[in-house]
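Remarks on the structure that follows.
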Amino acid sequence: MSGPRQVYSPTTIDEALEVLSDRGSTARVLAGGTDLMVLINARQLDFSSTLEIIDIWRVNALRGIDDDGSSLRFGALTTWSQIIRSPLAMEFAPALLEAARTIGAVQIQNRGTIGGNVMNASPAGDSLPVLAAFDAEIEVRSVRGLRRIAFNQFYTGYRKTVLEPDELLVAIRLPKLAVGEISFFCKVGTRRAQAISKVVMASRLRVVDGLIETISIGLGSVAPTVIRATRTEGLLKGKRLNREMAVQAQLEIAKEISAITDLRSTEHYRRTVTGKLLGQLLRKAASF
């Protein structure tokens, strides 16, 4: 198995888009490399005679976190370390900051990127349930122009997205946590750190006078893609938050997911733990 036929290293977005326009059907985009390099080193990536790499690490315009008023805009090459240190993320997207802290060790956090996590398209991606729960928006560009895609419509199946071969993910827009809302993030893995998740959950909600005014729940590692627990959200929205309702919701979310048994866990375990995490979230919101 040989290496890539060609490696391109653009330094601007326009240069990257030009290469993608010409080579997108045969090239793989390399960001931080924390996923792609593992596949290369493990010889799990099929390097045919035509496969090429577009290394975008030097495209500095893809880095940084900006306050856009109602949302935060994360450049695709923004690293987990940058998110962990960001006062904006701390104030307006604490669940994303919590997710960033669970990703790998410091070396991975310094190199891994939010855009890479999105494009890797793994249902176990730690940041993805946060993006699902917050109704994030994906910005992609090509030489044809800019396209914005609702995050919850970005994945079409296991490790499949709606991205066209000539398109580059350039940013993720995350609506800010509103006044009176709380957020929640929890990851369950084999160990406390540097583990692939067995179940990961994120949520944002507002409780007013004991009633659940708004709630959104994102889940990872329990279906072929990251999902929103829309049936459970519908059950809870507008209802009084008490122990009885919490039990009903736990039973509902355990039925709603599409868990499987694999090397990391069993279907039964994932259904049970997903219900327990929801119960933990609701107890936190209601303090009962």
Q.
Please return the ranges of helices (runs of 4 or more DSSP H) entirely within the stretch 52-159 where 3 or more residues are touching a Leu at 6+ places or on another chain (Cβ under 9 Å) and under 24 Å from T214 (Cα atoms).
A. 87-92, 94-101, 128-133
Q) When only residues in the stretch 141-160 that are among the hydrophobic types (A, V, I, L, M, F, W, C) and within 20 Å of L96 (Cβ to Cβ) count, which is most open to solvent (accessible area, probe 1.4 Å)? A) A150
Q: Give me a count of the residues in the stretch 274-288 that are surrounded by 19 or more Cβ atoms within 10 Å (Cβ to Cβ) and either not aliphatic (A, V, I, L, M) or not in a helix (DSSP H, G or I) (or both).
A: 2
Q) Out of the residues in the stretch 240-273 that are basic (K, R) and buried (at least 16 other Cβ atoms within 10 Å of the Cβ), which is farthest from A124 (Cα to Cα)? A) R271
Q.
Of everything in the stretch 121-170, what is modelled with pLDDT of 95 or more and polar (S, T, N, Q)? Give them in sequence order.
A. S127, S142, N152, Q153, T156, T161
Q) Which residue, of A223, A229, is in contact with a helix residue (DSSP H, G or I) (Cβ under 6 Å, 6 or more places away or on another chain), buried (at least 16 other Cβ atoms within 10 Å of the Cβ) and of a type outside the set (S, T, Y)? A) A229
Q. What about G218, is it small (G, A, S) and over 21 Å from E267 (Cα atoms)?
A. no
(Q) Which numbered condition in (1) over 28 Å from E18 (Cα atoms); (2) without any contact (Cβ under 8 Å) to a residue 60 or more places away in the chain; (3) not polar (S, T, N, Q) is the only one that G104 fails? (A) (2)
Q: From the list G218, G238, G275, pick out the single residue that is out of contact with any strand residue (DSSP E or B) (no Cβ under 9 Å at 6 or more places or on another chain) and modelled with pLDDT of 95 or more.
A: G275
Q. For the stretch 82-92, does any single residue satisfy the condition of being in contact (Cβ under 8 Å) with a residue 24 or more places away in the chain, closer than 19 Å to A195 by Cβ and surrounded by fewer than 21 Cβ atoms within 10 Å (Cβ to Cβ)?
A. yes
Q) N117 fails exactly one of the following numbered conditions: (1) closer than 22 Å to L77 by Cβ; (2) surrounded by 20 or more Cβ atoms within 10 Å (Cβ to Cβ); (3) touching a residue at least 40 places away in the same chain (Cβ under 8 Å); (4) not aromatic (F, W, Y). What is the number of that condition? A) (3)
Q: Scan V118, V143 and give me the residue that is under 30 Å from D22 (Cα atoms), among the aliphatic types (A, V, I, L, M) and out of contact with any strand residue (DSSP E or B) (no Cβ under 8 Å at 6 or more places or on another chain).
A: V143
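The values are calculated or read from the model by the stated rules, or taken from the named source; none is laboratory data. All values derive from a computational prediction rather than experimental measurement. With ideal geometry, Cβ positions are generated from the backbone for all residues, glycine too; neighbour counts draw on all protein chains shown. Accessible surface is based on the protein model in full, side chains and every heavy atom, while ligands, DNA and RNA are left aside. Shrake-Rupley method; radii C 1.70, N 1.55, O 1.52, S 1.80 Å.
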